[in-house]
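Written out below as structure tokens is the structure these notes cover.
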Amino acid sequence: MKTKKTSTNKKIFWIGCLISFLLVLSGCMSATPSQPTSPPPTPTATEEPTQGEAEALVELAKEDLAQRTGLDTEDISTQSVEENVFPDASLGVPQPGMSYAQVTTPGYIIIFEAGGDTYEYHADESRVVLVPEETGTPETADIEFEMITIPSEGLQFEIPVSWKSVEGSQAWKPAENDQVYLGFQAEEIEPPAEVEAVIMPSALAPSKQAITQGREEISTNLGDALRYTIHIVDPNVEGEEPVGVETHVILIETEGDTKRAYDIFLGAPDEKEIQQYLPILLHALDTSQFAAQDNGMSVTIFFNNSELNPEAECDQVFPVTRQITPEDDLMTAALNELFRGPIPSEAEEGYVSFFSEETGDILIDVKIEGDTAYVNLEDMRSLIPGASSSCGSQEFFAEVKETIQAQAPGVEKVLYAIEGDPEPFYEWVQLGCQEFNDFCDPAPFRDMNP
């Protein structure tokens, strides 16, 4: 009987366990949705910062501004802190060569007043960014620019007057820093070659291997273009530590299967100097234009100007742009325009010169060999006697040389001859035959007589 009772008790025990299990299972099933869940949606924005975070961001921005201005944080007053949603992770302040997550980003616009100036910062939950001044470009406000022309392409843009051309290339460097350069190049790109591989880095780069850091589409005066930031590395050195940085703005024209790439570029040893000189590149882009027009070509020539040069400095000359329909090459056309002197509308603006309609036909020929231009002239000594004086000759040389360099930036030296003979010209301007004029060597002019 004990055995029977034990068996019955065991049955009751297992039945109770089964009932409990079924109840638990039923409860679990009732808590489970009848339909499968979808994966969580991809977020379209970062989490909104809290008020406490806003206060921390204000302090972070103050510390950054104090470092930039040299002021104490106590001298920086907060004018306003406004919530804002930025269109992407750049916070409305994209940096050249950088790519950003295309996700709306909540944050703040913070305005400070310090030392009589107003500063704007943009912030998200973890960082602050100073917004550059939008009014003008202080970096170029006091710089004098001049228009130069790339004759082979009919392309014009402005560069600082103080920048000097780099021999053997269409590039220029500032006098204060020969590690920085602004340049132009154009290349035919034939399939299957890629633009990046053919045109970057530039010929001025310290080595010939580039690593692209960023690429973006931009609009320029010339049309839609691609802007690249590249690091230049030395393939002979282990690792990828850059030895230079370049920013390229490339416009591509396509005709059939062939592409032609036009490239205005800026180079420097590092990112910091690229940023320092970036306004020069942006100015070149803002002033760029193809000289070809429906009514002809555009050339830049140089005259003195009594209003712009009130001190009457002998070698000060100023650019004038003319639209022409050249019958000859661009250089010949430009010099012919120069030798015709200022037209009435230019004279009304103060432009003056020894050249006039009487000297309009004095050019026999001009040619360029290396960095030297050779100018062969008719005998014009009786037409412009004043040009033979010390100051007069300086003005003569400045007008001709600047006009030549506007069409051919690589020219460093200009030599002259009268009807194929340099000696009478240099005796006329009271300089004689010296080393600087190759001792009046007539050989380069022998094939330039009419």
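The values are calculated or read from the model by the stated rules, or taken from the named source; none is laboratory data. Computed from a predicted model, the values in this text were never measured in an experiment. Here Cβ is always computed from backbone atoms with ideal geometry, including for glycine, and neighbour counts include all displayed protein chains.
Some points to look at:
- Test: residue in region 406-421 that is in contact (Cβ under 8 Å) with a residue 24 or more places away in the chain and in a helix (DSSP H, G or I): yes
- Odd one out for Ser162, checked against (1) farther than 28 Å from Ile404 by Cβ; (2) modelled with pLDDT of 85 or more: (1)
- Residues that are surrounded by fewer than 20 Cβ atoms within 10 Å (Cβ to Cβ) and touching a helix residue (DSSP H, G or I) at 6+ places or on another chain (Cβ under 7 Å) were ranked within region 388-409; the one that is nearest to Val320 (Cα to Cα) is Gly392.
- Among the residues listed as Glu241, Glu307, the single one being in a loop (DSSP other than H, G, I, E, B) and closer than 27 Å to Ala203 by Cα: Glu241
- In region 218-235, the residues that are surrounded by fewer than 16 Cβ atoms within 10 Å (Cβ to Cβ) and not in a strand (DSSP E or B): Asn221, Pro235
- Pair list, Cβ < 9 Å and 6+ apart or interchain, from region 73-95 residues that are in a strand (DSSP E or B) to residues that are basic (Lys, Arg): Ile76/Lys62; Thr78/Lys62
- Considering (1) in the same structural domain as Pro409 (by TED's automatic domain parsing); (2) surrounded by 12 or more Cβ atoms within 10 Å (Cβ to Cβ); (3) of a type outside the set (A, V, I, L, M), the lone condition that Glu311 does not fulfil carries the number (2).
- Residue match in region 152-175 (condition: surrounded by fewer than 19 Cβ atoms within 10 Å (Cβ to Cβ), in a loop (DSSP other than H, G, I, E, B) and acidic (Asp, Glu)): yes
- Set side by side, the residues Glu273, Glu246, Glu253, Glu238 differ, and just one is surrounded by fewer than 16 Cβ atoms within 10 Å (Cβ to Cβ) and within 27 Å of Met147 (Cβ to Cβ), which is Glu253.
- Exclusive hit being outside any loop (DSSP other than H, G, I, E, B) and of a type in the set (Asp, Glu), set Asp379, Asp361, Asp365: Asp365
- Any pair with Cβ under 8 angstrom, 6 or more apart, that starts in region 343-356 at a residue that is within 23 Å of Glu378 (Cβ to Cβ) and ends at one that is small (Gly, Ala, Ser) and assigned to a helix (DSSP H, G or I): Phe354/Gly386; Phe354/Ala387; Phe354/Gly392
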